Amino acid sequence: QVQLVESGGGLVQPGGSLRLSCAGSRITFSIYAMGWYRQAPGKQRELVAKITSDGRTNYADSVKGRFTISRDNAKKTVSLQMNSLKTDDTAVYYCNAEYQLGPYNYWGQGTQVTVSS
């Protein structure tokens, strides 16, 4: 059974930084597009950043220039470096693995990020 386990969430002040990591197991990690999504209270889940199997990235407009997604296929990890955090970034952040050539899509359990003074 595929597992995605997020880590690195927590409480940070506005303007601060956090680094989220997601470790995959029992998955052919390199062939999946990996993404970070977030869901704030009362809002729909939204894409934050995605990195394809060949390393192409895209970001939500709200995080461009502040967040950076990266992957290490050998370690089966995907990371999200978050800088200049804002209170609006407060949400549960979810790791996602999507196989774009087939019906395989997996989610992690989520990690809470709270930006508050």
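The values are calculated or read from the model by the stated rules, or taken from the named source; none is laboratory data. A quick note: this is a predicted structure, and the numbers were derived from the prediction, not measured. Cβ coordinates were reconstructed from backbone atoms using ideal geometry, including for glycine residues, and neighbour counts include every protein chain displayed. Only protein heavy atoms, including side chains, enter the accessible area calculation; ligands, DNA and RNA are left aside. Shrake-Rupley method; radii C 1.70, N 1.55, O 1.52, S 1.80 Å.
Miscellaneous remarks
- Looking across the stretch 22-49, the residues that are closer than 14 Å to Q112 by Cα and surrounded by fewer than 18 Cβ atoms within 10 Å (Cβ to Cβ) come down to Q39, A40, P41, R45.
- Extreme residue, most open to solvent (accessible area, probe 1.4 Å), among residues of the stretch 98-117 that are of a type in the set (G, A, S) and either in contact with a Pro (Cβ under 8 Å, 6 or more places away or on another chain) or under 20 Å from S62 (Cβ atoms) (or both): S117
- Positions within the stretch 55-97 being under 13 Å from Y37 (Cα atoms), assigned to a loop (DSSP other than H, G, I, E, B), touching a strand residue (DSSP E or B) at 6+ places or on another chain (Cβ under 8 Å) and open to solvent by 40 Å² or more (accessible area, probe 1.4 Å), in sequence order: none
- Members of the stretch 100-114 found to be part of a strand (DSSP E or B) and over 16 Å from the mean Cα position of the chain (by Cα), listed by number: Y104
- Comparison of T57, T52, T28 shows that the only residue that is more than 16 Å from the chain's Cα centre (by Cα) and either under 15 Å from L80 (Cβ atoms) or of a type outside the set (G, A, S) (or both) is T28.
- Verdict on P14 being at pLDDT below 95 and either of a type in the set (A, V, I, L, M) or closer than 17 Å to V113 by Cβ (or both): no
- Criterion violated by V5 - all others in (1) over 12 Å from the mean Cα position of the chain (by Cα); (2) hydrophobic (A, V, I, L, M, F, W, C); (3) open to solvent by 80 Å² or more (accessible area, probe 1.4 Å) satisfied: (1)
- Taking every residue in the stretch 52-72 that is free of Cβ contacts under 8 Å to residues at least 12 places away in the same chain and pairing it with any residue that is of a type in the set (K, R) and surrounded by 15 or more Cβ atoms within 10 Å (Cβ to Cβ), at least 6 positions away or on another chain, the pairs with Cβ-Cβ distances below 7 Å are N58/K50.
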